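One structure is given here, and the rest of the page talks about it.
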């Protein structure tokens, strides 16, 4: 297995079936348009490939700075194919992101996880050493 940052249009298209397991409301065209816009704002997409060179896990990240966190790696998306969950794939990708964040001078890693995603919370807290630190509020405007 190996991790690679995706930078080419064909790689982004190959990642879509994995990303849609997390964001199943997205069409391929919406995904590609949003990805283009997000990349202009520093978004980067990393993939974990299996031994057959198929993408099995994805992480969408950006380096951000604010008054509360300092410089940090924001994980927007983190998803593994359903058949790759609980196989260690997520830990491999998370470890890669930790090393990447350190190499980029980040002080910490921050992420959001939906309130009902208990398995994800267990992964981040018990396996990766993250702490729950807040509540996210959201208000639709359209």
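Observations on the model:
- In segment 106-123, residue nearest to residue 64 (Cα to Cα) [restricted to those that are within 12 Å of the chain's Cα centre (by Cα) and in a loop (DSSP other than H, G, I, E, B)]: 112
- Filtered residue count, segment 1-20, keeping only those that are within 15 Å of the chain's Cα centre (by Cα) and surrounded by 15 or more Cβ atoms within 10 Å (Cβ to Cβ): 8
- Residue 52 surrounded by fewer than 18 Cβ atoms within 10 Å (Cβ to Cβ) and more than 22 Å from residue 16 (Cα to Cα): no
- Residue within segment 124-134 that is surrounded by 17 or more Cβ atoms within 10 Å (Cβ to Cβ) and assigned to a helix (DSSP H, G or I) present: yes
Every residue, every condition in (1) touching a strand residue (DSSP E or B) at 6+ places or on another chain (Cβ under 8 Å); (2) under 23 Å from residue 134 (Cα atoms); (3) exposed (fewer than 14 other Cβ atoms within 10 Å of the Cβ), yes or no:
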position	(1), (2), (3)
27	no, no, yes
32	no, no, no
41	yes, no, yes
47	yes, no, no
56	yes, no, no
65	yes, yes, yes
77	yes, yes, no
85	no, no, no
96	yes, no, no
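All of the numbers you see were taken from the coordinates with simple rules; none came from a lab. From a predicted model like this one, the values you see are computed outputs, not experimental measurements. Here Cβ is always computed from backbone atoms with ideal geometry, including for glycine, and neighbour counts include all displayed protein chains.
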